[in-house]
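Below: one structure, written as structure tokens.
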Amino acid sequence: MSMIITAVVSVTTIGIICAIILNVAFQLMYVKVDERIAKLTEIMPGVNCGACGYPGCSAYAEALINENVDTNLCTPGGSSVLNKISSILGVEALAIEQKIAVISCCSDFNTRQKKMDYIGVQSCEAAKMLYSGDNACAFGCLGYGDCKLLCPSNAIYMENGLAHIIKELCTGCGLCVKVCPNKLISIENADIKVVVSCKNIEKGAAARKKCSCCCIACTKCVKECCQGAIVIEDNLAKIDYTKCDGCGKCVEVCVTKCIHKL
């Protein structure tokens, strides 16, 4: 009996000592968390898209408190979230720059050529792993809608094997950019007027055999642009949006109609 009592006392004593050590360690190592971080995290959109430059909404909330970063980096949240952030931090609301996703491809079932019949997993990522997909053009939209499935604001729809952006619904979160295996989607300022909807860098004749609406680097858009906003790089027309005034003359002269007004 005395052995049992001794064991119980010993275990109890050890438990008390450990509890005291843990309590002292907690007091010494405790880091006070600013309660505003929880409030900021709560009012964030919660899509964890990374558009702000941080891995998630909670990380951005912490950066707002600990790193004094700009309050207008959450483009998906728009002015509503921006005003709440400013209110919690007690600072003046900054102007928020609206962003939208732009898809650099205009080739659908009617304009693209196929090199094979793909019957695997109906996913862009899966199709890309099999000889870069079933499209003859390895640079175009694969058409299985990975971007549509991931879009938190339902701003993407598929039509004839081509992804389309609904400008009014897009928040510019950038999740679609990350999931597109052909890197066709970019995030641009919402006020841009025209886009080159092609990413094929092959020479015109080779590209045209695979898609009837590809850029053939004919330079007509370059010559027509009064602002000098268009150049040809890697057999592909590219627009400098710092110079473009959205006049639309490039759209009118584009031979293959791969330049579009938004």
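The values are calculated or read from the model by the stated rules, or taken from the named source; none is laboratory data. Note that the structure is a prediction, hence the values are computed from the model and not measured. Note: ideal-geometry Cβ built from the backbone for every residue, glycine included; neighbour counts use all protein chains shown. Quick note on the areas: whole protein, heavy atoms, side chains included, nothing else; ligands and nucleic acids left out. Shrake-Rupley method; radii C 1.70, N 1.55, O 1.52, S 1.80 Å.
Ellipsoid fit via the Cα gyration tensor, region 106-213: semi-axes of 23, 17, 11 Å, each the root of five times an eigenvalue, largest first. At a probe radius of 1.4 angstrom, the accessible area of the chain per residue rounds to 58 square angstrom. A straight Cα-to-Cα reach below 15 Å connects Lys148 with the aspartates and glutamates Glu125, Glu159, residues fewer than 8 places away in its own chain not being considered.
Where does the charge balance sit around Gly78 when Lys and Arg score +1, Asp and Glu -1, over other residues with C-beta under 13 Å from its C-beta? In short, 0. In this Cβ point-charge picture (+1 for Lys and Arg, -1 for Asp and Glu), region 63-136 has a dipole of about 300 debye about its Cα centre.
For Lys223, the aspartates and glutamates whose Cα falls under 19 Å of its own Cα, not counting residues fewer than eight places away in the same chain, are Glu233, Asp234, Asp240, Asp245, Glu252. Packing, as the average of other Cβ atoms within 10 Å across residues, places the peptides 200-209, 135-144 in the order 135-144, 200-209, highest first.
Charge dipole (Cα centre; +1 on Lys/Arg Cβ, -1 on Asp/Glu Cβ; no other charges) of region 85-230 amounts to roughly 700 debye. Amide H to amide H, with H built 1.01 Å from N, Val231 comes under 5 Å of Lys238, Asp240, counting only residues 5 or more places away or on other chains. Of the peptides 99-110, 234-245, the order by per-residue mean of other Cβ atoms within 10 Å, starting with the highest, comes out as 99-110, 234-245. The overall shape of region 18-158 is oblate: from the C-alpha gyration tensor, with semi-axes ordered a ≥ b ≥ c, the ratio a/c is 1.5 or greater and a/b is no larger than b/c. Computed per residue of the chain from DSSP H runs no shorter than four, each worth -39500 (n - 2.57), the mean residue ellipticity at 222 nm is -9500 deg cm²/dmol.
For the peptides 181-194, 247-260, residues were scored by their other Cβ atoms within 10 Å and the scores averaged per peptide; the highest-first order is 247-260, 181-194.
Reducing region 141-181 and region 207-262 to their Cα centroids gives an inter-centroid distance of 23 Å.
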